[in-house]
Amino acid sequence: MNIDAVRAWSRTVVHDYTARDTALYALAVGAVSDPLDARQLQLVDETDQVAVPSMAAVIASPGFWARDEKSMAIDAQRLVHGEQRIALERPLPAKGRVVGISRVSRIVDKGAGKGALITVCKTLQSENGDRYGHAWQLFFCRGDGGFSASGADDLVLDDAPLPPLAAAPEREADRHEHCAVRVDAALLYRLCGDNNRLHIDPQAAQHAGFPRPILHGLATYGFAAISVIRAFADGDAQRLLGLDARFSAPLYPGEDVEFRMWDEGCHVALEGRVAARSAVVISHARARLQ
């Protein structure tokens, strides 16, 4: 890994999107299960449309920058999207132009053979500079540890670390939401902009060690957002201000996932589990509501 190139990296993306794009995202993350529900329809009906807040993780994003920027010398084949966070200050518009300013905000060396952690912070704002909020992606670079002077745990940038994510409470969950993920969910979600072959090509998936194509992590993240909105916000998407989550295992199209949620007062803790194979696909997650 070329540390100088990584920490100097930034990219500004101007994203023009339509009501159709916003509706497509909503459908791709399972936001409409009842077409007679007025709150659900508001996510896809251009008449008085509302954007699903988790779309902040997707719009105005820099793409697969670790692969595209060859000068950074990151082992992109071994890079894993480990965590996703968003924090909104006001609702995203259902259509229009949003500017995303992304930069590497933190790098942690875990040591030779142990990989490195890279955090990318994206600021979302209007053309006029009015801020909507931030989104953070944490990447686990499995092939890039051992580059720092000490050889491990050397914090290369000056940004304060994000607070660590906490595991779900051990008590019984307060709410449960079940999602039946469509068998074509990955094919639908990739129309939102992520064309990674891992999610459509069986051979690419098998080469990566999976028996078949997996669902995009950010699609699973969107399903989690919808579950919180239904369980704790009475279907009002604009009440969701933040969502932090760890991607702990892949979710496959066609599976049923149960989101267990705990009311912790200042936030909602949640965990996504596929009972059929005892797999936790979303862990250490918390949502903030207004």
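Please treat every number below as a calculation from the coordinates, not as lab data. Keep in mind it's a predicted model, so treat the numbers as computed, not measured. All Cβ positions, even for glycine, are placed from backbone atoms using ideal geometry, and neighbour counts span all protein chains on display.
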Self-check item: Degrees between helix 217-232 axis and first principal axis of the chain (Cα, 0 to 90, nearest 10)
Solution: 40
Self-check item: Burial ranking of peptide ranges 277-284, 204-211, 80-87 (average Cβ count within 10 Å, highest at the top)
Solution: 80-87, 277-284, 204-211
Exercise. With N set to the residue count of the stretch 117-273, report its C-alpha Rg divided by 2.2 N^0.38 Å to two decimal places.
Key: 1.20
Practice problem: Apply the Kirkwood formula to the stretch 1-120: the hydrodynamic radius equals the inverse of the mean of 1/r over all pairs of different alpha-carbon atoms; give it in Å with one decimal. | Solution: 16.6
Self-check item: P(r) histogram, all alpha-carbon pairs of the chain included - 10 Å bins from 0, percent
Solution: 6, 28, 36, 24, 5, 0
Practice problem: Please name whichever of ALA149, LEU88, ALA8 sits farthest to the positive end of the charge dipole of the stretch 1-162, dipole taken about the Cα centre and charges placed at Cβ: Lys and Arg +1, Asp and Glu -1. | Solution: ALA149
Quiz item: What is the chain's relative contact order, in percent, from Cα pairs under 8 angstrom and six or more apart in sequence?
Solution: 19
Quiz item: Angle between the Cα long axis of helix 19-28 and the longest principal axis of the chain, 0 to 90 degrees, nearest 10?
Solution: 90
Practice problem: Could you tell me the number of lysine pairs in the chain with C-alpha atoms less than 23 Å from each other, where the two lysines are 8 or more residues apart or belong to different chains? | Solution: 4
